[in-house]
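Student: Let me give you the structure first, and then I'll get to my questions.
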């Protein structure tokens with residue numbers, strides 16, 4: 001950055017924000033297409049669900065005839081070529097290729113960079129805060145070129161600044177981050193580790209304050225709505241529930257691939273306590289004592305972390321396979337080879353792993369943690385969260401019942417096609433945008 005208060009964004013495309021663009025086709029409703037600014041403080045799909053949300057939602061909005069622009073901090077999202085991407089540079093101190101590097105003196109001429117560096121140096125997570133400031137500075141002269149600004153859970157004080165510029169602002173809160181924080185505090189054990197967790201989640205009070213001052217909040221399930229409303233003290237009527245979609249062109253049955261008997265698969269993050277991997281490993285250990293069973297885990301556990309240690313302690317080294325990082329398009333191949341999928345989460349605000357498995361036509365054993373019953377419905381076996389014996393029992397029951405597996409696989413596939421496509425999600429999100437526009441008194445005519 002060349003100036004302490006200047007944010008220099010790098011547009012991915014040459015399309016000017018200032019000039020009006022007419023999409024090839026308007027929305028199916030007959031109303032004029034909307035110009036949308038979609039904000040995300042980080043967006044790389046391999047860094048979590050935020051990148052997937054931005055990529056798939058922007059694609060679906062564009063297919064409906066709207067004009068979404070994505071403004072992101074690093075790591076940047078992998079949006080489609082016809083979606084303008086505006087890159088907001090940061091210090092990017094979590095970049096694994098230069099992890100926790102020391103900024104240059106020139107970089108530290110920026111107050112925002114100083115806030116970011118101090119936050120990371122004191123074991124906090126300042127990215128939502130600093131991204132919001134950078135987005136506000138970038139949009140000061142451009143905000144009214146958009147019909148609506150949609151914040152993807154940064155909930156920074158800078159978002160309130162954007163709202164004061166006169167453009168309607170809505171935000172997506174995927175699930176109450178207080179649940180993650182409390183689960184990690186509980187699993188931390190010693191007091192100094194609990195302090196570290198609290199420091200990392202020190203952005204949460206900011207997000208609560210900001211979200212209380214937004215008129216429209218999108219969330220992905222009734223469970224998330226209820227829990228966010230309680231945790232952040234937001235009136236329930238401000239929420240609009242819009243379930244996530246599933247990319248059914250990627251996640252689909254592959255009938256030409258033969259399923260391996262007694263092969264389980266899980267795609268949850270291995271090292272997050274909230275994902276319940278410990279209980280699945282305990283269940284697999286109990287099953288392995290009575291029958292042949294194998295478990296494929298999509299991803300890589302933290303080196304010398306709790307999950308690696310548990311695999312050793314339970315003698316599961318020859319039973320559990322970690323795939324390492326793989327491309328999204330490869331995941332359905334692993335599903336197709338597996339007998340059934342397991343979702344052992346203690347809490348899910350939506351339940352993307354369950355929905356993706358269902359879209360691939362594989363039977364699912366899931367806990368009832370959070371919104372999982374909403375997503376799975378009667379198309380899977382449901383057990384209480386944190387109960388390894390119940391998991392083992394449900395898995396064994398399905399392994400012994402091919403007809404039941406076939407019926408659940410078909411029911412799950414049909415449920416996704418009916419309720420959880422990205423087109424359906426985009427249509428509902430666009431309705432929220434128009435509500436926000438009406439609240440703001442802005443005209444909707446072409």
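Student: For residues that are over 20 Å from residue 376 (Cα atoms) and in contact with a strand residue (DSSP E or B) (Cβ under 9 Å, 6 or more places away or on another chain), tally how many sit in region 417-429.
Tutor: Qualifying residue count for the region: 2.
Student: Would you point out which residue out of 364, 432 is buried (at least 18 other Cβ atoms within 10 Å of the Cβ), modelled with pLDDT of 95 or more, in contact with a strand residue (DSSP E or B) (Cβ under 9 Å, 6 or more places away or on another chain) and more than 17 Å from residue 221 (Cα to Cα)? Walk me through it before giving the result.
Tutor: On the way: 432 fails: more than 17 Å from residue 221 (Cα to Cα).
Only one candidate passes the filter, namely 364.
Student: Go through region 134-144 and count every residue that is surrounded by fewer than 24 Cβ atoms within 10 Å (Cβ to Cβ) and touching a helix residue (DSSP H, G or I) at 6+ places or on another chain (Cβ under 9 Å).
Tutor: Counting residues in region 134-144 that are surrounded by fewer than 24 Cβ atoms within 10 Å (Cβ to Cβ) and touching a helix residue (DSSP H, G or I) at 6+ places or on another chain (Cβ under 9 Å) gives 4.
Student: Name, by its number, the condition in (1) touching a helix residue (DSSP H, G or I) at 6+ places or on another chain (Cβ under 6 Å); (2) closer than 30 Å to residue 32 by Cα; (3) touching a residue at least 40 places away in the same chain (Cβ under 8 Å) that does not hold for residue 174.
Tutor: Failed condition: (1).
Student: Pull up region 124-133, narrow it to residues that are under 16 Å from residue 177 (Cβ atoms) and touching a helix residue (DSSP H, G or I) at 6+ places or on another chain (Cβ under 6 Å), then point me to the one that is surrounded by the fewest Cβ atoms within 10 Å (Cβ to Cβ).
Tutor: Checked region 124-133; the qualifying residue surrounded by the fewest Cβ atoms within 10 Å (Cβ to Cβ) is 125.
Student: Is at least one residue of region 230-248 surrounded by fewer than 20 Cβ atoms within 10 Å (Cβ to Cβ) and under 25 Å from residue 296 (Cβ atoms)?
Tutor: Yes - at least one qualifying residue is present in region 230-248.
Student: A further question follows. Kindly list, by first and then second residue, each pair from a residue in region 284-302 that is under 16 Å from residue 394 (Cα atoms) to a residue that is in a helix (DSSP H, G or I), limited to pairs with Cβ atoms under 6 Å and residues at least 6 apart or on different chains.
Tutor: Matching pairs, first to second residue: 286/392; 287/392; 293/287; 295/284.
Student: Shifting gears a bit: For region 321-359, what are the residues that are surrounded by fewer than 24 Cβ atoms within 10 Å (Cβ to Cβ), on the phi < 0 side of the Ramachandran plot and in a strand (DSSP E or B)?
Tutor: 321, 322
Student: Further, regarding this structure: Looking at region 194-206, can you tell me whether even one residue there is under 20 Å from the mean Cα position of the chain (by Cα) and under 30 Å from residue 32 (Cβ atoms)?
Tutor: No.
Student: Cβ-Cβ distance below 8 Å, separation of 6 or more or different chains: which pairs start in region 123-149 with a residue that is at positive phi and end on one that is surrounded by fewer than 21 Cβ atoms within 10 Å (Cβ to Cβ)?
Tutor: 123/196; 123/199; 123/200
Student: Determine whether residue 410 is under 25 Å from residue 341 (Cα atoms), in a helix (DSSP H, G or I) and at pLDDT below 95.
Tutor: no
Student: Just a yes or no: is a residue in region 396-416 over 26 Å from residue 249 (Cβ atoms), in contact with a strand residue (DSSP E or B) (Cβ under 8 Å, 6 or more places away or on another chain), assigned by TED's automatic domain parsing to the domain that holds residue 276 and surrounded by 24 or more Cβ atoms within 10 Å (Cβ to Cβ)? Give the derivation first.
Tutor: Of region 396-416, the ones over 26 Å from residue 249 (Cβ atoms) are 396-404.
Add one more test, that the residue is in contact with a strand residue (DSSP E or B) (Cβ under 8 Å, 6 or more places away or on another chain), and what stays is 397-399.
Those left that are additionally assigned by TED's automatic domain parsing to the domain that holds residue 276: 397-399.
Now narrow it down to the ones that are surrounded by 24 or more Cβ atoms within 10 Å (Cβ to Cβ): none.
So far as region 396-416 goes, no, none of its residues is over 26 Å from residue 249 (Cβ atoms), in contact with a strand residue (DSSP E or B) (Cβ under 8 Å, 6 or more places away or on another chain), assigned by TED's automatic domain parsing to the domain that holds residue 276 and surrounded by 24 or more Cβ atoms within 10 Å (Cβ to Cβ).
The values are calculated or read from the model by the stated rules, or taken from the named source; none is laboratory data. The model shown is predicted, which means the values in this text are computed figures rather than measured ones. Virtual Cβ from ideal backbone geometry, glycine too; neighbours counted across all protein chains shown.
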